[in-house]
Amino acid sequence: MKTNDLILVQEADFDINQHYQKLLQINPSNSGAAVLFIGLVRDLDDAKVEAMQLEHYPGMTEVCLQQIVDKARLRWSLEGVHIVHRVGKLLRHEQIVLVGVTSRHRSDAFSACEFVMDYLKQDAPFWKAEYTEHGKQWVEVKASDQQANERW
């Protein structure tokens, strides 16, 4: 792991501004762009999500996330990458994931952030169950997520 990268899998919520400030401090004279993506627990098309339970495989998950970051670094010139992914029980509208990227140029930052998020959704070993008024259901891989991943 590059010292400019941060990968955390945790139950606790995260502070967007804290990660933004840390990313900006990595190489202030070289960073010309910062892109942050925040994923939230949201309702389904046909049901309100009361909560989401996220599980992972400790150790393996962090290695997988670092491999995704390493792939992004091979494609784009990046100053820093932060990934924070929450696990445990999350309520509607709570933050699930942060992907933050800094780069010299905005195109690299935007592309790398989207790439990391697309691969994270498809390849990282997280399991999600949604709790709605219809009960609990495990989230299956979506065709749209597979298509997003294939374009890279």
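Only Lys, Arg, Asp and Glu count, each charged at its Cβ (+1, +1, -1, -1), so figure out the dipole size of the chain about its Cα centre, rounded to 20 debye.
I would put it at about 460 debye.
Per residue, how big is the convex hull of the stretch 1-97 when only Cα atoms are used? Give it in Å³.
Dividing the Cα hull volume of the stretch 1-97 by its residue count gives 118 Å³.
Can you give the direction-averaged projected area of the convex hull of the alpha-carbon atoms in the stretch 25-152, in nm²?
On the way: hull surface 32.8 nm².
If I average the Cα hull's projected area over directions, I get 8.2 nm².
Coordinate-derived values only; no laboratory data. Just so it is clear, the model here is predicted, and its values are computed rather than measured. Using ideal geometry, Cβ is built from the backbone for each residue, glycine included, and neighbour counts are taken over all protein chains shown.
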